[in-house]
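**Q** To start, I am sharing the structure in question, which I have written as structure tokens.
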Amino acid sequence: MAFAAIHPEAGRIDATLQDLGCGLSWAAVHKVRPRIALRCPDCGYGVHAKISTRKLHYFAHDPGRPADCAWLNESLEHHLLKLELATAVRAADWHAELEVRAPDGTWRADVLASSHDGTRRIAWEAQLSPITNDDIRERTERYQDEGIDVCWVSPADGVPWIGTVPSIRARDPRGDRPWTVVDGVAGFYFQHGTWITPTDLDLATFIGWVLHGQTSPHQVLPRYRRIWFPATKSHARRQLIWTTQRSVDEEARHDVMRQRQEARKRQQEEQQRQAEQRRQEEEARQREAQRQEEEHQRKIREAAERARWAEQQRQWAIEAEQARQRREAEDRQRQEQAAAAERERLRQEQHERQASQRWWKELSPAQIQQLRDAVADPLWTKQAARVEFDPDGATADYAYGIAVYLRRRLYGILRPSPASLHRLPPTVPVFVRNAREAQLLTATGKVDTARVVHFDLPDHEQMSLI
Ligand SMILES: [Zn+2]
């Protein structure tokens, strides 16, 4: 179905206009006999005027139409949207042509809006069929090359190209609400720092704004591309939106403020970083100073320890030397004492020897024999026991007396020297000539009176006196 057709005499006619755009009435083309040879503006095939069940005036291809006509497969919904676009353009006091084809076929507009002075043209495209982003961008550029602005209109949700080319999403009428714009248009709210989509914008109002230059496509600054949709309480990313110059200025003003804030923040961060760096450097410096101080103290301690050790060794050497000298002195003293003791012993021996010589010289050999007999005779007469006198005579071992043996056992000591009584063997009796000699021995305190036996022999040789 289509709204435009070529009349054989009036030229292009428009079913959406009361006079078909050329002073004719609908009745002049609808169900007229003979039939008027209307043609499709796109494919040139024959069309005829029709009225839909919803009282919509349009043209339909005659039976056997070619399959490649651009208008061929367009839906009723598409046509209703085109009709709405054209109606709004005309309400804004612009000229609207439906289903317009470029002379060279490079573009074909659903609705081409033109200002009265002809200086501005805006194509309104009701895009219901799927189209890739690349294709829609290419078609947009094709219009722009011809000096024609364009706005793509989708009635569907979730089309990928909304916000990539000048575009809106229009929602069909519900209840007493006419067509409304629900996506592709936004205003910038400085206090929120964000773009917000209006909740209640009529499509016709929007189209009027576009045609009168109050609203234009705008490349959203990267940081603001998350746009708020109050109706669905959600965000969506949009790169290109329709908006007012005031919003563009507000966005720029906000961006400058944000850049200043960020610059301040960067500056603060840089200052903090520098402060932190200074703090770390100071810490490192203090650690190094502390390390050096500890190293210094350690060296002092080591030097003190070495000195203490050296002093200890020196002390030990002194003590060892002193001990050695002490030992030498003690050795010398012992040797001297031993030598002195030896000298004393020799002196004592000599003394005793001389004393014993004097002791024995007091007696004549006869007197000595007399004493020997005094000891031996009673034993012989009473017991028939013969005593024996040491053939060596007086010896040092028996205190310079003469040992007397009876039956090979020591029986007594004959006349020991008073100076040598400390040499006497114990217990055996001591024989002396008389009480005077006994007195001489006992007076020394070195021999008991009980051990001393005397014979009352005279001190002088009485025999010789006789
Ligand atoms: Zn056609």
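The values are calculated or read from the model by the stated rules, or taken from the named source; none is laboratory data. Remember, predicted model here, so these are calculated numbers, not experimental data. Cβ: placed from backbone, ideal geometry, glycine included. Neighbour counts: every protein chain shown. Surface areas here come from the heavy atoms of the whole protein model, side chains and all, with no ligands, DNA or RNA. Shrake-Rupley method; radii C 1.70, N 1.55, O 1.52, S 1.80 Å.
**Q** In region 9-24, which residues are within 16 Å of the ligand (Cβ to nearest atom) and open to solvent by 50 Å² or more (accessible area, probe 1.4 Å)?
**A** Within region 9-24, just Arg12 meets the criteria.
**Q** For region 83-94, does any single residue satisfy the condition of being within 16 Å of the ligand (Cβ to nearest atom) and at negative phi?
**A** No, region 83-94 contains no residue that is within 16 Å of the ligand (Cβ to nearest atom) and at negative phi.
**Q** Return the residues of region 140-177 that are assigned to a strand (DSSP E or B) and not small (Gly, Ala, Ser); say none if nothing qualifies.
**A** Asp149, Val150, Cys151, Trp152, Val153, Ile162, Val165, Ile168, Arg169, Arg171, Arg174, Arg177
**Q** Taking His57 as the residue in question, decide whether it is closer than 25 Å to Asp172 by Cα, surrounded by 18 or more Cβ atoms within 10 Å (Cβ to Cβ) and within 16 Å of the ligand (Cβ to nearest atom).
**A** It is false that His57 is closer than 25 Å to Asp172 by Cα, surrounded by 18 or more Cβ atoms within 10 Å (Cβ to Cβ) and within 16 Å of the ligand (Cβ to nearest atom).
**Q** Can you tell me which of Thr180, Thr215, Thr197 is buried (at least 17 other Cβ atoms within 10 Å of the Cβ), closer than 29 Å to Met257 by Cα and in contact with a helix residue (DSSP H, G or I) (Cβ under 7 Å, 6 or more places away or on another chain)?
**A** Residue meeting the stated conditions: Thr215.
**Q** Here's another thing I want to ask about it. Please determine, by comparing only the residues of region 363-387 that are in contact with a helix residue (DSSP H, G or I) (Cβ under 9 Å, 6 or more places away or on another chain) and surrounded by fewer than 14 Cβ atoms within 10 Å (Cβ to Cβ), which one is nearest to His460 (Cα to Cα).
**A** By that ranking, first place goes to Ser364.
**Q** Looking at (1) within 16 Å of the ligand (Cβ to nearest atom); (2) out of contact with any Cys (no Cβ under 7 Å at 6 or more places or on another chain); (3) under 23 Å from Pro103 (Cβ atoms); (4) of a type in the set (Asp, Glu), which is the one condition that is false for Asp62?
**A** Every listed condition holds for Asp62 apart from (3).
**Q** Take the residues of region 25-42 that are closer than 30 Å to Asp172 by Cα and within 10 Å of the ligand (Cβ to nearest atom): which is least open to solvent (accessible area, probe 1.4 Å)?
**A** Result: Cys40.
**Q** His48 fails exactly one of the following numbered conditions: (1) assigned by TED's automatic domain parsing to the domain that holds Arg33; (2) at pLDDT below 90; (3) in a strand (DSSP E or B). What is the number of that condition?
**A** Unmet condition: (2).
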